[in-house]
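Here the structure comes first, spelled out in structure tokens, and everything after it is commentary.
The values are calculated or read from the model by the stated rules, or taken from the named source; none is laboratory data. In this text, all values refer to a predicted model and were calculated from it rather than measured experimentally. Positions of Cβ are backbone-derived with ideal geometry, glycine not excepted, and every protein chain shown enters the neighbour counts. Calculation scope for accessible area: heavy atoms of the full protein, side chains included, ligands and nucleic acids excluded. Shrake-Rupley method; radii C 1.70, N 1.55, O 1.52, S 1.80 Å.
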Amino acid sequence: MVIKKARLTIDDKTLELDILSGSLGPGVIDINSLFKSGYFTYDLGFNSTAACESKITFIDGDKGVLLYRGYPIEQLASQSNFLEVCYLLLNGELPTPKQYQDFCKEIAHHTMVHEQISNFYNGFRRDAHPMAIMVGVVGALSAFYHDTLDINNPEHRAISALRLIGKMPTIAAMCYKYSIGQPFMPPQNHLSYADNFLHMMYATPCEKFAINPVLVRAIDRIFILHADHEQNASTSTVRLAGSTGANPFACISAGIGALWGPAHGGANEAVLNMLQEIGDIKHINKYIARAKDPNDTFRLMGFGHRVYKNYDPRAKVMRETCHEVLDAIGLHDAPIFKLAMELERIALQDDYFIEKKLYPNVDFYSGITLSAIGIPTNMFTVIFALARTVGWVAQWNEMISNPYRLGRPRQLYTGYKERDYKDIQKRND
Ligand code: CMC
């Protein structure tokens, strides 16, 4: 809805631009027609650019608010479960008991992967990073479902969504099993989504397996907290890839690649690597000083966020869960966790972090929690990808179901002006 007009004057010309209002959040100046005036906008890192309209997730970074389809993340994390949240993100409403039951059944129906997929794993080195395997395997799913890849068919889109959400835990656990040389464990559809994932990770064919329910709940919460986060780097990547008409498996694979970096989903892994590098409480001050030094590239991993300039609401929930897990397995006094808690305490009192509003983000606590559960560090981002798949799919589906255009950013070109090709013989060394 247009709420008012903005005026942009360049030389002697004034352009009138609509200011649109959403249901929440700041007004958005519609610059779609600006290019006709001969100008583009320049917005490094998309600080001020809304690239789409969406009804799925809302963040108020100043107030520390995160809503999935209008529901506060704190309520979902404490009262819901991951599959119910998946239904909500995909369909816009919480399910009725019957809808929930049917949805769980449908997801369970898609947990197995084609037997040929197991062969892909053998092509990787045992020490391959599981994210590298996941990017490849998820992209390769396109090769198995070419009969349901018509992106303009809502039924094809729906079945792809179920396949992706159903298979991600299986694919993720297979990455781990492959790295340690254990046999792949098939999914157990009578278990909950989180329980089944932990079963595929840790069970072996030789003995019965049971896991502490506190850990299952913690994993389910990690899934809920990571399920969607509006137009972050990986989601924007999925939308951009999707805008070309690429199939959903290719788009999600692109999203996994974007998630991998330490500024985004790779931060949970980077937190643990950083804690190991710091090594001892007595070194914390040295590393805090490095993080504050503008000439040092070191940053405190798990601190700061592009959008949250207040406490990350996911971090509040995750902190609580982290302590529950540490209590449940009696790890509060383990040196690495003591170090993490001391680092959190010192950074939260430091003027640099206070002034720049750098609070611990979700990855600070999810990294510590996953490590306490015994998940190897290089699997952390894989777990983030598993959980974010529903958000990526929901955002992709929302885009394809509405009018959209090929995503094609412009640039501020600062290279050479046109010049003539010189024969190689005439060029000096
Ligand atoms: N440690 C030290 N200084 C920092 C940090 C940090 N973690 N984060 C930001 N700063 C400083 C930064 O140097 C800059 O200082 P100055 O104003 O003097 O130039 C100022 O704070 C603003 O930072 P920015 O880089 O302009 O902010 P950004 O919005 O581009 O960066 C960020 C956001 C998440 C990339 C950054 O805070 C960071 O690198 N954090 C560590 C990595 C991390 O934990 N990422 C996970 C994000 S949460 C998971 C997810 O949603 O993907």
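What number of residues within segment 244-272 are over 14 Å from GLY367 (Cβ atoms), small (Gly, Ala, Ser) and open to solvent by less than 10 Å² (accessible area, probe 1.4 Å)?
1
Filter segment 387-422 down to the residues that are of a type in the set (D, E, K, R) and either open to solvent by 30 Å² or more (accessible area, probe 1.4 Å) or out of contact with any helix residue (DSSP H, G or I) (no Cβ under 7 Å at 6 or more places or on another chain) (or both) and list them by number.
Of everything in segment 387-422, those that are of a type in the set (D, E, K, R) and either open to solvent by 30 Å² or more (accessible area, probe 1.4 Å) or out of contact with any helix residue (DSSP H, G or I) (no Cβ under 7 Å at 6 or more places or on another chain) (or both) turn out to be GLU398, ARG405, ARG408, ARG410, LYS417, GLU418, ARG419, ASP420, LYS422.
Quickly run through segment 212-238 and pick out the residues that are more than 16 Å from the ligand (Cβ to nearest atom) and open to solvent by less than 40 Å² (accessible area, probe 1.4 Å).
LEU215, VAL216, ALA218, ILE219, ASP220
Could you please find all residues in segment 34-77 being part of a loop (DSSP other than H, G, I, E, B), open to solvent by 40 Å² or more (accessible area, probe 1.4 Å) and among the small types (Gly, Ala, Ser)?
Across segment 34-77, the qualifying residues are GLY38, SER48, ALA50, ALA51, SER54, GLY70.
Counting only residues that are of a type in the set (A, V, I, L, M, F, W, C) and assigned to a loop (DSSP other than H, G, I, E, B), which one in segment 193-217 is nearest to PRO72 (Cα to Cα)?
Filtering first and then ranking leaves ILE211.
Could you grab me the full set of residues in segment 182-196 that are in contact (Cβ under 8 Å) with a residue 60 or more places away in the chain and open to solvent by 50 Å² or more (accessible area, probe 1.4 Å)? Please lay out each step first, then the result.
Going through segment 182-196, the residues in contact (Cβ under 8 Å) with a residue 60 or more places away in the chain turn out to be 184, 186-187, 189, 192-194, 196.
Selection gives PHE184, PRO186, ASN189, SER192.
Being buried (at least 16 other Cβ atoms within 10 Å of the Cβ) and modelled with pLDDT under 95 is the requirement here; does SER179 meet it?
Answer is yes for this residue.
Report yes if some residue within segment 406-415 is in contact (Cβ under 8 Å) with a residue 60 or more places away in the chain, within 13 Å of the ligand (Cβ to nearest atom) and under 28 Å from the mean Cα position of the chain (by Cα); otherwise report no.
No, segment 406-415 contains no residue that is in contact (Cβ under 8 Å) with a residue 60 or more places away in the chain, within 13 Å of the ligand (Cβ to nearest atom) and under 28 Å from the mean Cα position of the chain (by Cα).
How many residues, within segment 346-371, are out of contact with any strand residue (DSSP E or B) (no Cβ under 9 Å at 6 or more places or on another chain) and without any contact (Cβ under 8 Å) to a residue 24 or more places away in the chain?
Final tally of qualifying residues: 4.
Consider HIS199 carefully, then state whether it is open to solvent by 60 Å² or more (accessible area, probe 1.4 Å) and more than 23 Å from TYR308 (Cα to Cα). Break it down into steps so the answer makes sense when it comes.
Numbers: open to solvent by 60 Å² or more (accessible area, probe 1.4 Å): no; more than 23 Å from TYR308 (Cα to Cα): yes.
Criteria not met by HIS199.
How about segment 78-157: which helices (runs of 4 or more DSSP H) wholly inside it have at least 2 residues that are open to solvent by 50 Å² or more (accessible area, probe 1.4 Å) and free of Cβ contacts under 8 Å to residues at least 12 places away in the same chain?
In segment 78-157, 97-109, 115-122 are the helices (runs of 4 or more DSSP H) which contain 2 or more residues that are open to solvent by 50 Å² or more (accessible area, probe 1.4 Å) and free of Cβ contacts under 8 Å to residues at least 12 places away in the same chain.
Just checking, which of SER371, SER366 is within 11 Å of the ligand (Cβ to nearest atom), within 29 Å of VAL214 (Cβ to Cβ) and at pLDDT below 95?
SER366
What number of residues within segment 218-246 satisfy the criterion of being of a type in the set (D, E, K, R), part of a helix (DSSP H, G or I) and under 25 Å from ALA77 (Cβ atoms)?
Taking segment 218-246 first, the residues of a type in the set (D, E, K, R) are 220-221, 228, 230, 239.
Now narrow it down to the ones that are part of a helix (DSSP H, G or I): 220-221, 239.
Checking the rest, the ones that are also under 25 Å from ALA77 (Cβ atoms) come to 220-221.
Result for segment 218-246: 2.
What about TYR352, is it within 16 Å of the ligand (Cβ to nearest atom), within 23 Å of the chain's Cα centre (by Cα) and open to solvent by 50 Å² or more (accessible area, probe 1.4 Å)?
No, not satisfied.
Please go through segment 33-46 and pick out each residue that is over 21 Å from ASP12 (Cα atoms) and free of Cβ contacts under 8 Å to residues at least 40 places away in the same chain.
Taking segment 33-46 as the starting set, the residues that turn out to be over 21 Å from ASP12 (Cα atoms) are 42-46.
Hits for segment 33-46 are ASP43, LEU44.
Taking the stated definitions as given, is SER54 over 30 Å from ILE133 (Cβ atoms) and not β-branched (Val, Ile, Thr)?
Yes.
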